[in-house]
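Each remark here refers to the structure printed beneath this line.
Read the figures in this text as sums done on the coordinates, not as results from a lab. Nothing here was measured: the structure is a model prediction, and the numbers come from that model. Note that each Cβ is placed from the backbone with ideal geometry, even for glycine, and that neighbours are counted across all protein chains shown.
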Amino acid sequence: MGLTITALADTHACTLGATVSGVKLGALNPADWRAIEQAFHEHALLVFPAQHLDDQQQLAFAQRFGEVEVLVEGKTTIAISNRGEQGQALREDSVFMQLLRGNEGWHTDSSYMSLAAKASVLSARVVPSAGGETEWADMRAAYEALDVDMRARLERLSAFHSLFYSQSRIGAVAKVGDYYGFNAGEAPRRALVKIHPETGRRALFIGRHACNIPGMDAAESEALLDGLMDFACRAPRIYRHHWQAGDIVVWDNRCLLHRARPYDYREPRVMMHTRIRGNPDTESALA
Ligand code: OGA
Ligand code: MN
């Protein structure tokens, strides 16, 4: 059977995502790639069950979407895992475990960097016996569900995106050099309503890193952003993926939020992550 794209709207009654089957991502023909790219624009999240790609194949798939980000130590595909390279459990107070705890809050990748990400690819190598799912929330549908007055108000607003802010809210300290080339430069400012560069569709652009809306005091800004996130990240705008080892997913960071769900850290969880850079014309910070 050939390539089959099934909207999660049909199987899970949610506004985002599709499952793609009948294709080997390690050996895509041009027509299948065109169908996948079109489905990516339409559904924003694509789930490919049982692909079992190695790091090289995952990188090659990610590179179809654009130039990949260099993450830590010159690597473009890294383990998002509570285990170190020798399989040892990471200390709960280590920098990396604090970043994994941060991933359990709704966010969009690299929004605190000067160039926000276009997309991310994540695959499962080792999954815990319970928990450890990933969830995505559809910020296009969230924007469209807001009332007209709120949409008009948000159209004029922006927020800063700061990893110092988001980590401090979970009681952790982000330091320069800790993560993903994170640097000390001023936090980037981004519009709260993002127009998708391919589809033209508007989406809320928020998440745990967003803070300090210009023109508001810190408490008012935090209350507005927390309220928006609470409203946005609800059914039918959410999909939760229960991973099987070998699954691979790609999502559009320009219009979705995502988060990891908790699990018992005494069990290993190993996910492989590759991230696609944003377009400087559309994912740069505001001046
Ligand atoms: C990420 C991320 C979520 C997860 O890799 O950027 O947020 O479920 N991962 O591991
Ligand atoms: Mn992430």
Can you tell me the relative contact order of segment 1-132? Whole percent, Cα pairs under 8 Å, sequence separation 6 or more. 14
Which residues in segment 34-67 place their backbone N less than 17 Å from a point set 7 Å from the Cα of Leu115 along the Cα-to-Cβ direction? 62-67
Relative contact order (%) - segment 157-287, alpha-carbon pairs under 8 angstrom, separation at least six: 27
Residue of Leu59, Leu204, Leu16 that the Gaussian network model of the chain assigns the largest fluctuation, springs spanning Cα pairs under 10 Å: Leu59
Pairs of Cα atoms under 8 Å, at least six residues apart: use those to get the relative contact order of the chain, whole percent. 35
Rounded to the nearest 500, what is the 222 nm mean residue ellipticity of the chain from helices alone, with -39500 (n - 2.57) per DSSP H run of 4+ residues and division by all residues? -7500 deg cm²/dmol
Per 0.36 nm of contour for each residue apart, how much would the distance between Arg156 and Arg189 grow if the chain were fully extended, relative to their Cα-Cα spacing? 10.6 nm
Rounded, prolate or oblate: which one fits segment 123-266, using the alpha carbon gyration tensor with axes a ≥ b ≥ c (rounded when a/c is under 1.5, else prolate when a/b beats b/c, else oblate)? oblate
For the chain, give me the percentage of DSSP beta bridges that are antiparallel, rounded to the nearest 5 percent. 95
Which net charge results for the neighbourhood of Gly246, defined as the other residues with beta-carbon distances under 15 angstrom from its beta-carbon, given Lys and Arg at +1 and Asp and Glu at -1? 0
Compare Glu69, Glu135, Glu220 in a GNM of the chain, Cα atoms joined below 10 Å, and give the one with the largest fluctuation. Glu220
Which whole-angstrom value gives the distance between the alpha carbon centres of segment 79-94 and segment 208-262? 25
Karplus (6.51, -1.76, 1.60) ³J(HN,Hα), θ = phi - 60°, over segment 250-255, in Hz, Gly and Pro reported as x: 10, 9, 9, 5, 7, 9
Go through segment 154-167 residue by residue and turn each phi into a ³J(HN,Hα) via Karplus (6.51, -1.76, 1.60, θ = phi - 60°); whole Hz please, and just put x for glycine and proline. 5, 3, 9, 9, 9, 9, 7, 10, 9, 6, 4, 5, 5, 5
Looking only at lysines whose Cα falls under 26 Å of Lys75's and that sit 8 or more positions away or on another chain, we get Lys24, Lys118, Lys175
With +1 assigned to the C-beta of every Lys and Arg and -1 to the C-beta of every Asp and Glu, and no other charges, what is the dipole magnitude of the chain about the Cα centre in debye, to the nearest 20? 80
Could you tell me which of rounded, prolate or oblate describes segment 11-91, using a ≥ b ≥ c as the square roots of the eigenvalues of the alpha-carbon gyration tensor, with rounded for a/c under 1.5 and, failing that, prolate when a/b is larger than b/c and oblate otherwise? prolate
Taking amide hydrogens as modeled 1.01 Å from N in the peptide plane, which residues meet the under 5 Å criterion relative to Ala119, leaving out close sequence neighbours? Asn253, Ile276
In whole Hz, the Karplus estimates of ³J(HN,Hα) for segment 91-108 (6.51, -1.76, 1.60; θ = phi - 60°; x where Gly or Pro) are 5, 4, 8, 6, 4, 5, 5, 5, 6, 5, 5, x, 4, 7, x, 4, 7, 10
Of Arg189, Arg125, Arg169, which is the most mobile in a GNM of the chain whose springs link Cα atoms less than 10 angstrom apart? Arg169
What size of dipole, in debye to the nearest 20, comes out for segment 152-258 about its Cα centre when the only charges are +1 on Lys and Arg C-beta atoms and -1 on Asp and Glu C-beta atoms? 260
Shape call for segment 34-187 from the C-alpha gyration tensor, a ≥ b ≥ c root eigenvalues: rounded (a/c under 1.5), prolate (a/b greater than b/c) or oblate? oblate
Report the label-to-label distance for Ala9 and Asp149 in nanometres (one decimal), using points 7 Å from each Cα along the Cα→Cβ vector. 3.0
